[in-house]
Amino acid sequence: MRRDPMIDAVVEAGWQKVRDDGRVRAELLESAYAELRLRQLYPWVSMGELHLSRCTGYNWTWDIPYVMPDAGAYLVADPKRNETVGPAATAQEAVAMVIQHLPDGCGPAFIGTPEELAAHEATGRQTGRG
């Protein structure tokens, strides 16, 4: 499957914005960005936590575990904020946990909002695509 340069540009701009923000540890950003499955998702930051979304538009998707700093280490949390995936001693371990818990079919970010993504996915299911 060929990658869409427009999607790549929007997602890359998101990664640059997160880098420029400075609230997420550089080692975590580098580890997440090094993984293609995460690099193709749209990143955003809240309270020093690294979140990833399957779409580029706010209010983003909330179905991917996120990583928060935890006393020199990391904690990977369930996207619904009610459970912990687990502690991680290193950024690489945290990234591996996120990858392990990605939703099925989690591919390149969709340009649009979560509602637009849901409509797009519903159309794909109805036509046998997606």
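Considering 30, 12, the condition of being more than 13 Å from the chain's Cα centre (by Cα), surrounded by fewer than 17 Cβ atoms within 10 Å (Cβ to Cβ) and assigned to a helix (DSSP H, G or I) is satisfied by 30 alone. Which of the residues belonging to segment 15-27 are in a loop (DSSP other than H, G, I, E, B) and charged (D, E, K, R)? Residues satisfying the conditions are 23, 25. Pairs are defined by a Cβ separation below 8 Å, a sequence spacing of at least 6 or placement on different chains, a first member in segment 60-71 that is at negative phi, and a second member that is crowded, with 22+ Cβ neighbours inside 10 Å and assigned to a loop (DSSP other than H, G, I, E, B); the pairs so defined are 61/54; 63/54; 64/41; 64/54. Condition check: modelled with pLDDT of 95 or more, of a type in the set (Val, Ile, Thr), farther than 18 Å from residue 7 by Cα and exposed (fewer than 14 other Cβ atoms within 10 Å of the Cβ). Does residue 90 satisfy that? Spelling it out, residue 90 is indeed modelled with pLDDT of 95 or more, of a type in the set (Val, Ile, Thr), farther than 18 Å from residue 7 by Cα and exposed (fewer than 14 other Cβ atoms within 10 Å of the Cβ). One residue stands out among those in segment 15-25 that are touching a helix residue (DSSP H, G or I) at 6+ places or on another chain (Cβ under 8 Å) and either farther than 27 Å from residue 104 by Cβ or touching a residue at least 60 places away in the same chain (Cβ under 8 Å) (or both): the one that is surrounded by the most Cβ atoms within 10 Å (Cβ to Cβ), which is 25. Looking across segment 35-79 at every residue that is in a loop (DSSP other than H, G, I, E, B) and among the hydrophobic types (A, V, I, L, M, F, W, C), the one that is surrounded by the most Cβ atoms within 10 Å (Cβ to Cβ) is identified as 41.
The values are calculated or read from the model by the stated rules, or taken from the named source; none is laboratory data. Since this is a predicted model, take the numbers as computed values, not measurements. Here the Cβ is made from the backbone with ideal geometry for all residues, glycine too, and neighbour counts use every protein chain on show.
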